[in-house]
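Note sheet for the following structure.
The values are calculated or read from the model by the stated rules, or taken from the named source; none is laboratory data. Given the structure is predicted, the values throughout are model-derived calculations rather than measurements. No Cβ is skipped: glycine too gets one built from the backbone with ideal geometry, and neighbour counts run over all protein chains shown. These area figures cover heavy atoms from the full protein model, side chains too; ligands, DNA and RNA do not enter into them. Shrake-Rupley method; radii C 1.70, N 1.55, O 1.52, S 1.80 Å.
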Amino acid sequence: MTSKLVQKHPIKGSREFRLAEDEIQYTIKSPFKTDSLSVLYDVLNSEPVISGSTLSFISNVNKEPLVEMFLNKPDKKTFDQFVKSLQQKIIENDFGRFRVGDKGIDVDIVRLDESIEMLQKSVDPTEIELLLAALIELKTKPSDIKCQNNVAEAFNDLGFAQSQVIIHAPYINFMFSGNRWHDDA
């Protein structure tokens, strides 16, 4: 994991970024001043925006760029590795995302089947088709961690449709947030 990035620009000065545990810390040195800032990962959107010669990570709160980097500096490989590391930190600190731990989750097939039926009856299937496909696959392989991760990712990618899923199939929320395998099992 690349945890530090140093960038230099002939006119705009230099920027140094460092990934800490809960935040990205950076220093911007321009010809006339030096600013040191830090931004918590959980306020950043993990998908950066490219504009001209900069790549920015945007605030989830006000949609303004909070972290701006010179595109592909100091070199493309180092830059891409750092951006990937930053994205991973942002995702890890997004506590609203469903996740599957190393030991997986305990899936109740009866409740999962009820959830699938409720979603098929109550929610436009075109809005949740990837989630439905992942749930149906999970039903056939309930202890497969890859299938569990597919459901989590499909849910995380839903956007506004997440609320409909939680309303009509509350077991899905329970499955990922309140029902983990235990080490002593």
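So GLU47 passes all but one of these: (1) open to solvent by less than 80 Å² (accessible area, probe 1.4 Å); (2) under 19 Å from LEU5 (Cβ atoms). Which condition number does it fail?
Of everything listed in (1) open to solvent by less than 80 Å² (accessible area, probe 1.4 Å); (2) under 19 Å from LEU5 (Cβ atoms), GLU47 misses just condition (1).
Anything in segment 42-58 that is assigned to a loop (DSSP other than H, G, I, E, B) and under 13 Å from the mean Cα position of the chain (by Cα)? List them, or say none. Before you say what the answer is, go through the steps one by one.
First pass over segment 42-58, keeping only residues assigned to a loop (DSSP other than H, G, I, E, B): 45-48, 52-53.
Passing the criteria: ASN45, SER46, GLU47, PRO48.
Quickly run through segment 134-143 and pick out the residues that are without any contact (Cβ under 8 Å) to a residue 24 or more places away in the chain, open to solvent by 60 Å² or more (accessible area, probe 1.4 Å) and not in a loop (DSSP other than H, G, I, E, B).
Within segment 134-143, ILE136, GLU137, THR140 qualify.
When you check LYS146 against the structure, is it open to solvent by 10 Å² or more (accessible area, probe 1.4 Å), touching a Cys at 6+ places or on another chain (Cβ under 7 Å) and among the basic types (Lys, Arg), yes or no?
no
If a residue must be in a strand (DSSP E or B) and touching a Gly at 6+ places or on another chain (Cβ under 9 Å), how many such residues does segment 1-41 contain?
Here the count works out to 3.
Here are LYS121, LYS77, LYS73: which of them is open to solvent by 80 Å² or more (accessible area, probe 1.4 Å) and under 30 Å from SER36 (Cβ atoms)?
None of the others qualify; the one that does is LYS77.
Among the candidates ASP113, ASP94, ASP108, which residue alone is within 30 Å of LEU40 (Cα to Cα), surrounded by fewer than 19 Cβ atoms within 10 Å (Cβ to Cβ) and not hydroxyl-bearing (Ser, Thr, Tyr)? Break it down into steps so the answer makes sense when it comes.
Numbers: ASP113 fails: within 30 Å of LEU40 (Cα to Cα); ASP108 fails: within 30 Å of LEU40 (Cα to Cα).
Exactly one residue qualifies, and that residue is ASP94.
Among the numbered conditions (1) over 18 Å from the mean Cα position of the chain (by Cα); (2) more than 18 Å from ILE24 (Cα to Cα), tell me where GLY101 comes up short.
All conditions pass for GLY101, except number (1).
Can you tell me which residues in segment 158-185 are under 20 Å from ILE105 (Cα atoms) and either at pLDDT below 85 or of a type in the set (Gly, Ala, Ser) (or both)?
Listed by number, the residues that qualify are ALA169, PHE176, SER177, GLY178, ASN179, ARG180, TRP181, HIS182, ASP183, ASP184, ALA185.
Can you pull out the residues in segment 13-41 that are open to solvent by less than 30 Å² (accessible area, probe 1.4 Å) and under 25 Å from the mean Cα position of the chain (by Cα)?
PHE17, LEU19, ALA20, ILE24, TYR26, VAL39, TYR41
Out of all the residues in segment 77-91, is one or more of a type in the set (D, E, K, R) and part of a loop (DSSP other than H, G, I, E, B)?
no
Between a first residue in segment 169-185 that is closer than 24 Å to LYS121 by Cβ and a second residue that is at pLDDT 80 or above and of a type in the set (S, T, N, Q), which pairs have beta carbons less than 7 Å apart while being 6 or more apart in sequence or on different chains?
ALA169/SER115; TYR171/SER115; ILE172/SER115
Scan (1) open to solvent by less than 50 Å² (accessible area, probe 1.4 Å); (2) out of contact with any helix residue (DSSP H, G or I) (no Cβ under 7 Å at 6 or more places or on another chain); (3) not charged (D, E, K, R) for the single condition GLN88 breaks and write down its number.
(1)
Would you be able to say whether some residue in segment 118-128 is farther than 21 Å from GLU47 by Cα, among the hydrophobic types (A, V, I, L, M, F, W, C) and in a helix (DSSP H, G or I)?
yes
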